[in-house]
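Below is one structure, written out as structure tokens, with a few remarks after it.
The values are calculated or read from the model by the stated rules, or taken from the named source; none is laboratory data. Since we're looking at a predicted model, the values are computed, not measured. Quick reminder, even Gly has a Cβ in these numbers, built from the backbone with ideal geometry, and neighbours come from all protein chains shown. To get the accessible areas, we keep the full protein, side chains included, count just its heavy atoms, and leave off ligands, DNA and RNA. Shrake-Rupley method; radii C 1.70, N 1.55, O 1.52, S 1.80 Å.
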Amino acid sequence: MVYVFTVKQKDSGVYKPLYFLLVFVLYILIIIGNLTLIFIVTVHRSLHEPMYIFICNLCANGLYGTVGFYPKFLLDLKSDIHMISYSWCMIQTYVIYSSVMCETSVLTVMCYDRYVAICRPLQYHNIVTPRAVLKLLILAWSYPLLSAAIAIILTSRIPFCGSHIYKLFCDNASMVMLGCYRAIANQVWSMVIISVYLIQFVLTLISYAYIVQVCMSSSEARTKFSKTCVPHIVVMVTYIMTVLFDVFYSWGGSVDLPIGVRNALAIQFLILPPLLNPLIYGLQLPRIRKVLCGQSCKHKACYLRNNT
């Protein structure tokens with residue numbers, strides 16, 4: 001069996017119980033927040049619309065991605081030996097790698113939905129049909145899952161000459177860097193994936209340019225933009241920034257930083273987006289906020305009635 005190792009910080013032993021508690025509470029909050037939003041969208045028929053269905057998928061992907069990191073990290077915090085088998089390292093790499101791409105794809109689909117809703121409102125229901133929503137979601141999930149699978153297959157063919165991963169989790173870049181030779185096929189495939197997502201990013205920028213242009217000439221469009229697009233922009237910018245931190249970390253762009261700082265920056269995309277997504281959408285979108293407030297008021301009324 002081939003093993004790879006994560007590097008632990010020198011002072012981690014003293015603070016391990018505190019780290020474990022904080023990470024455990026964080027993971028529970030992520031699970032509760034995302035499951036709550038998924039439950040609300042699923043149960044309330046008034047929210048069975050494309051935008052809320054896409055948000056539901058965003059939360060589902062957040063849960064999927066964090067499953068690849070938090071359980072293993074919590075086990076590491078309870079142990080003095082930070083070791084993971086080759087097969088589990090590959091699985092962790094696949095889950096995190098595919099989750100990152102799924103998040104980007106779903107955010108791109110959500111941008112397209114907002115573009116049609118604001119720039120072509122009269123044709124919205126003819127364009128964004130239930131069938132179109134299903135096709136967009138299938139594409140947003142299938143392409144990242146397939147792309148990540150190809151990347152993992154290419155990586156699995158590389159003989160490894162190293163066994164230490166200087167990171168809190170396994171990822172494709174770290175695995176490739178352990179190879180005994182330069183993996184040309186992996187680099188080519190990585191460039192293909194990066195190019196596809198750069199195209200998505202450019203299309204997203206173009207879409208928002210049109211959206212802003214339309215909103216400048218219509219007060220109704222400006223209201224819709226502030227209520228539905230601003231949360232999406234906040235989520236997208238947060239996610240892009242956190243992923244960029246991890247990319248710079250993976251390719252040695254932050255080697256001069258202390259390892260604690262590098263690890264903290266590298267896992268931000270596993271902390272901020274899944275934690276903030278349900279909060280941002282739950283608090284900023286009026287219809288979801290109305291449902292949440294309605295449920296809260298209903299429970300409060302029941303409590304008062306039962307105690308009078």
Surface accessible to a 1.4 Å probe, I138 within the full protein complex, Å²: 90 Å²
Relative contact order of segment 138-183, defined on C-alpha pairs under 8 angstrom at six or more residues apart (%): 38 percent
K72, K78, reordered so the largest accessible area comes first (probe 1.4 Å): K78, K72
Spin-label model distance (nm) - W88 vs V202, 7 Å beyond Cα toward Cβ: 4.3 nm
Dimensionless Rg over Rh [segment 15-81; C-alpha; Kirkwood]: 1.15
Solvent-accessible surface (1.4 angstrom probe) belonging to M177, in square angstrom, nearest 10: 120 Å²
Nearest-10 value in Å² for the accessible area of Y166, using the 1.4 Å probe: 140 Å²
Mean projection area, nm², convex hull over Cα of segment 49-128: 6.3 nm²
Solvent exposure, largest accessible area first (probe 1.4 Å, DNA, RNA and ligands not counted), of R157, R287: R157, R287
Whole-angstrom gap from segment 65-118 to segment 147-224, using each part's C-alpha centre: 13 Å
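Full-extension gain between Q187 and T36, please, as 0.36 nm times their residue separation minus the C-alpha to C-alpha distance.
50.4 nm
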